[in-house]
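The values are calculated or read from the model by the stated rules, or taken from the named source; none is laboratory data. Fair warning: this is a prediction, and the values are worked out from it, not measured in the lab. Note that each Cβ is placed from the backbone with ideal geometry, even for glycine, and that neighbours are counted across all protein chains shown.
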C-alpha cells in the first residue's frame, strides 16, 4: 500500500514538472503554530518552476483560548511555448488561477507538540489560454477539513497535516476551438464533480524572533491529477512573522534616582 502511494506520488511529481495547464492547483497546507490566546501570524511563500510562478499568503489569529481563525490566498501563473512540429509559429500557452478561503478551528496540547482541527472553504478560478486566445475559464468551490500536528521551540518549527477536500466545478466558459481531448476533460469536470480526495502537506522552518524562514510542500497523491489535469504538488520557500512577538524583548527604559 505504502509503496503504491509513493510510486503514484513520484509519477505525479514528474508530471507536474512537464506541463502547466491545470484545472486545479492546491495551495500550501497551513499549520498555525498557536498555543495560547492572542497569538497572530502572517506568512508569505513563493512556489514555481521553469515555467511557473506562484504566491501563497496566510494569516491566522487566536482570538479566544484554544480557538483559531485563518485566511488563505493562493495565486499562480505560468507560460510556455508549445512547439510546432510543422515548422510554423509556435503558440504561447498561458495559465493563471487563484484560490481564496477562510477557516476556523481549535487547537489542543499534546504530550509532544500541539494538535489542531480546522474546517473551512472558499472560491477559486483557473483561466487557461491554449494559444491564439483559445481560453477555458473555470470557476470552482472548495471545502475542507484539516487535522494538523505542530511542534515549536525557540528556534525550530515543524508542521504537518492531512487536508480532506471537496472540490466542485459549478460552471465555466470554454472556447470550442480548443483540442477535443482538452474539451472532454473540462466537460468531465462539470459532469462528475464534486470530487473528494486527500492532500498531504507540511512545513519546516528555523525561527529568528519574530521571523521564521520556512520550506513548504503539498502533495495530491490521487489519480485525479492524471485524469482531470489537477496539479500534483507544490513546493516553495517563504517567511512568516509572529506578530505577537513584535512587542516582546523590548527593554523598559531604566530610571535613576537623584
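Which one is surrounded by the most Cβ atoms within 10 Å (Cβ to Cβ) among residues in the stretch 235-255 that are modelled with pLDDT of 70 or more and either part of a loop (DSSP other than H, G, I, E, B) or touching a helix residue (DSSP H, G or I) at 6+ places or on another chain (Cβ under 7 Å) (or both)? Step by step, filter the stretch 235-255, then rank; the result is 246.
Note on the stretch 103-217: enclosed strands (runs of 3 or more DSSP E) holding 3 or more residues that are buried (at least 20 other Cβ atoms within 10 Å of the Cβ) are 114-129, 135-152, 156-168, 195-208. Taking the stretch 64-84 as the range and being at pLDDT below 95, surrounded by fewer than 15 Cβ atoms within 10 Å (Cβ to Cβ) and assigned to a strand (DSSP E or B) as the test, the residues that pass are 79, 81, 82. As a summary of the residue check, residue 42 satisfies the conditions (1) at pLDDT below 95; (2) more than 27 Å from residue 168 (Cα to Cα); (3) touching a strand residue (DSSP E or B) at 6+ places or on another chain (Cβ under 7 Å) except for the one numbered (1).
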